[in-house]
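First up is the structure itself, then whatever we jot down about it.
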Amino acid sequence: MMAVITLIPTIIIIQRVTARILFNHHIAGAADTIELMRRGRRDLFVIATHERHDTPIRLVADRFLAEPSDTRRMTSADYANWLLGIALSEKAKLVIPYRRRDELARDRFAERGVRLLTASEETTMRLLEEKPKLLDRMAEAGVPITPFRLFTGLSQYERLRSGPPPFSDHPGDLCVKPASGIYGAGFRILRERIGDRTPLSALSSFELAEPAFQAMLGALPGAEPMMLMPFLPGPERSVDFACLEGRLLGTVTRRKTLTSQLLHHDPEGERLAGLVACEFGLTGVLNLQTIEDAFGVQRLL
């Protein structure tokens, strides 16, 4: 008798686990990032927390949670616990933080099985958020930086201005900006001389007569560390770069004009991005800004 062997096919069903990612109070541009991520990962499930209900992120998130306004007043530890609690309750395995990202400890999240994706560990993150410390560190590494003088409050500012010109190599108007912060928040170009008949409408939102700035400093109840800098005349560039554990992967530079931004490859911007990434062992998609001085030298902003 012939033995008959019947082969029974075994069907193995592999269920891909949905990638659940939590974004906390990001800027509006994160909506574009999330849409790009979905093109490469269709099973992406995005949970987003935000204080504002009209954020564009709400339109692309699979689940949106209102971030209470009192999270601004929480201690670092309390905010970290709050965010970790959201991640655990929503079963998110990855948290990409924005608000208070320099106050969050990776180990605290890792202990509960959640990966916290930041550019570096919290000590380096805090340094990167403080522009004077970052510029000092990069100057030590030989990077051309935008010169600055640090001051807090009206009396320190007046002492700076009563002495010799603070930036003899860079004549012209000065500008000020907070020692930490994003975008142009708090940035002002100080105009020493404004004509007697100059209307307010002739000034841009970034321009301010120096006496008016001094009056504002004296009137504000709380003084914050600020930077006095020369207002350099050359073009400004933003260098977007990707890096992994200090190794530069690629860059795209945006050269800014009054009404648009020109995308191009900028070897000097790439060199500076590589130095910054290597110096701090950074990981992620990050950004730095440069501006040219009167001699065409790109200086780190």
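The values are calculated or read from the model by the stated rules, or taken from the named source; none is laboratory data. A quick note: this is a predicted structure, and the numbers were derived from the prediction, not measured. All Cβ positions, even for glycine, are placed from backbone atoms using ideal geometry, and neighbour counts span all protein chains on display. The protein model used for the area step is the full one, side chains on, heavy atoms only, and it has no ligands, DNA or RNA in it. Shrake-Rupley method; radii C 1.70, N 1.55, O 1.52, S 1.80 Å.
Can you give me the number of residues within the stretch 271-301 that are more than 25 Å from TYR98 (Cβ to Cβ) and open to solvent by 70 Å² or more (accessible area, probe 1.4 Å)?
Result for the stretch 271-301: 3.
May I ask you to say which residue of ALA28, ALA48, ALA80 is among the small types (Gly, Ala, Ser), under 14 Å from ARG99 (Cβ atoms), in a strand (DSSP E or B) and at pLDDT 90 or above?
None of the other options fit; the residue is ALA48.
Can you run down the residue pairs with Cβ atoms below 8 Å, 6 or more apart or on separate chains, where the first is in the stretch 20-48 and open to solvent by 50 Å² or more (accessible area, probe 1.4 Å) and the partner is modelled with pLDDT of 95 or more and among the acidic types (Asp, Glu)?
Partner pairs satisfying both residue conditions: ARG20/GLU90; PHE45/ASP62.
Please go through (1) in contact with a His (Cβ under 8 Å, 6 or more places away or on another chain); (2) assigned to a loop (DSSP other than H, G, I, E, B) for LEU258 and return the number of the only condition it doesn't satisfy.
Exception for LEU258: condition (1).
Give the residues of the stretch 41-64 that are farther than 17 Å from LYS93 by Cα and either touching a helix residue (DSSP H, G or I) at 6+ places or on another chain (Cβ under 7 Å) or among the hydrophobic types (A, V, I, L, M, F, W, C) (or both), sorted by residue number.
The answer is HIS50, GLU51, PRO56, ILE57, LEU59, VAL60.
Could you tell me whether LEU94 is in contact (Cβ under 8 Å) with a residue 12 or more places away in the chain, of a type in the set (A, V, I, L, M) and open to solvent by 30 Å² or more (accessible area, probe 1.4 Å)?
Yes; evaluated as a whole, the condition is true for this residue.
Out of the stretch 178-212, which residues are at pLDDT 80 or above and either on the phi > 0 side of the Ramachandran plot or not in a strand (DSSP E or B) (or both)?
ALA179, SER180, GLY181, ALA185, GLY186, PHE187, PHE206, GLU210, PRO211, ALA212
Give me the residue from the stretch 114-141 that is in contact (Cβ under 8 Å) with a residue 12 or more places away in the chain and among the small types (Gly, Ala, Ser) and, out of that set, most open to solvent (accessible area, probe 1.4 Å).
ALA141
With GLY186, GLY222, GLY234, GLY218 as the choices, which residue is within 20 Å of the chain's Cα centre (by Cα) and either farther than 27 Å from PHE151 by Cα or surrounded by fewer than 17 Cβ atoms within 10 Å (Cβ to Cβ) (or both)?
Exactly one residue qualifies, and that residue is GLY186.
In the stretch 227-255, what residues are outside any loop (DSSP other than H, G, I, E, B), touching a Ser or Thr at 6+ places or on another chain (Cβ under 7 Å) and aliphatic (A, V, I, L, M)?
MET229, VAL239, LEU244
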